[in-house]
Amino acid sequence: MEHVIDMNELKNLKIELTRFMMAYKFAIDEMSTKINILKDEFNYIHEYNPIEHVNSRLKSPESIFKKIYRKGCDFSLEAIKENVKDIAGIRITCSFISDIYEISKMIASQKDVTVVDYKDYIKNPKPNGYQSLHLILQIPIFMSDREELTYIEVQIRTIAMDFWASLEHKIYYKYNKEVPHHMVDELKEAAIMASQLDKKMERLHHEISEIKQASQANESHVLLKDLQLDKLNLDLESLSLPIIERFLPGKKDK
Ligand code: 0O2
């Protein structure tokens, strides 16, 4: 029997699919705003920029269907939603490993964010050497007639991890997933080197921060010394300046 396409049914399906994908686009917009706010605030507090760049992508329908097929799920929108939690994806590239955990904590502690899954491929790299921190989050998206709890995957990694993953991805697809043995070994070696580089950069970063803090403390000490408050023989009790009490603890009692 010839299958007749009901144009109304087709139109409704198109609307439903568009709205389904729109929720993921809005999830990316919402998450990008959250990340930008954290980036600016972090920059203000720590006086450096922890986020090198942020990329986002919506998974292609082809890639969604491949995953559904691989997982053996049915093709309903509900099944897609529950089984493909990375339709919306954001990748944050950081300067240092400690920034990755700090940013992930800041994201996870937000009231409207639920962490559904947390995969730490930094502490436990994949056998091929892949490293990254993956968070599957659920965030509310407010549509005109409903609130849609939407999944979004956030991958957080360093520049070195990102460099490695981009090249590995290219090689993987170039060889159609049949990567020659020597390349697999070299990639593993490169992943170890990338991890060593990250650790060395982190140590240097700490050292520089400590030097900076020490010189700032020294500067304020010099400033106080220059004031020579002792020699001025001031009556600190009557002045009762809280700022002096803070800098000369115990002075008030003598
Ligand atoms: P794309 O192009 O990013 O969409 P699950 O989602 O839990 O059912 P999955 O997909 O194995 O299972 O989850 P996992 O391990 O958290 O990986 C998800 C994503 O991480 C991948 O998405 C890649 O982006 C990235 N990734 C994971 N392993 C590797 C790896 O070995 N090399 C590289 N370069 N990237 C990796 P997609 O859907 O595969 O691709």
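Any aspartates and glutamates with Cα under 14 Å of the residue 25 Cα? List them, leaving off those in the same chain fewer than 8 positions away.
Partners within reach: 86, 148, 153.
Show me 119-125, 27-33, 191-197, 9-15 ranked by packing, highest mean number of other Cβ atoms within 10 Å first.
In decreasing order of mean packing, 119-125, 27-33, 191-197, 9-15 become 27-33, 191-197, 119-125, 9-15.
Is the shape of segment 31-118 best called rounded, prolate or oblate, per the rule: a/c under 1.5 gives rounded, else a/b larger than b/c gives prolate, else oblate, with a ≥ b ≥ c the square roots of the Cα gyration tensor eigenvalues? Could you put the intermediate results ahead of the total?
Working: a/c = 2.98, a/b = 2.37, b/c = 1.26.
Note, shape of segment 31-118 comes out prolate.
Solvent-accessible area of residue 19, probe 1.4 Å, all protein chains present, reported in Å² to the nearest ten, please.
Result for residue 19: roughly 80 Å² accessible.
Rg to Rh ratio, segment 42-182, alpha-carbon atoms and Kirkwood radius? Mind dumping the intermediate values first?
On the way: Rg = 16.9 Å, Rh = 16.9 Å.
We get a ratio of 1.00 for segment 42-182.
Mind checking which of 7, 45, 22 is farthest towards the positive end of segment 1-121's charge dipole, using Cβ charges of +1 (Lys, Arg) and -1 (Asp, Glu) about the Cα centre?
Checking the options against the dipole of segment 1-121, the answer is 7.
Give a quick list of GluC sites (Glu not before Pro) in segment 124-196 that DSSP marks as loop, anything other than H, G, I, E or B, with at most 13 other Cβ atoms within 10 Å.
Answer in residue order: 178.
On the protein heavy atoms, probe 1.4 angstrom, tell me the percent of accessible surface of segment 83-136 carried by carbon and sulfur.
On the way: 1230 of 2360 Å².
The nonpolar share, carbon plus sulfur, comes to 52 percent.
What residues qualify as long-range amide H neighbours of residue 48, i.e. H under 5 Å apart, gap of 5 or more or another chain, H built at 1.01 Å from N?
Counting only residues 5 or more places away or on other chains, the set is empty.
Under 5 Å between amide hydrogens, which residues at least 5 positions from residue 94 or on another chain qualify, with H placed 1.01 Å from N in the peptide plane?
52, 157, 158, 159
Taking the Cα centre of segment 162-210 as origin and charging only Cβ (+1 Lys, Arg; -1 Asp, Glu), how large is the dipole, in debye to the nearest 20?
Dipole about the Cα centre, nearest 20: 180 debye.
The values are calculated or read from the model by the stated rules, or taken from the named source; none is laboratory data. All figures in this text were calculated on a predicted structure; none of them were measured in a lab. Because the Cβ atoms are built from the backbone with ideal geometry, glycine has one as well, and the counts that use them run over all protein chains shown. To get the accessible areas, we keep the full protein, side chains included, count just its heavy atoms, and leave off ligands, DNA and RNA. Shrake-Rupley method; radii C 1.70, N 1.55, O 1.52, S 1.80 Å.
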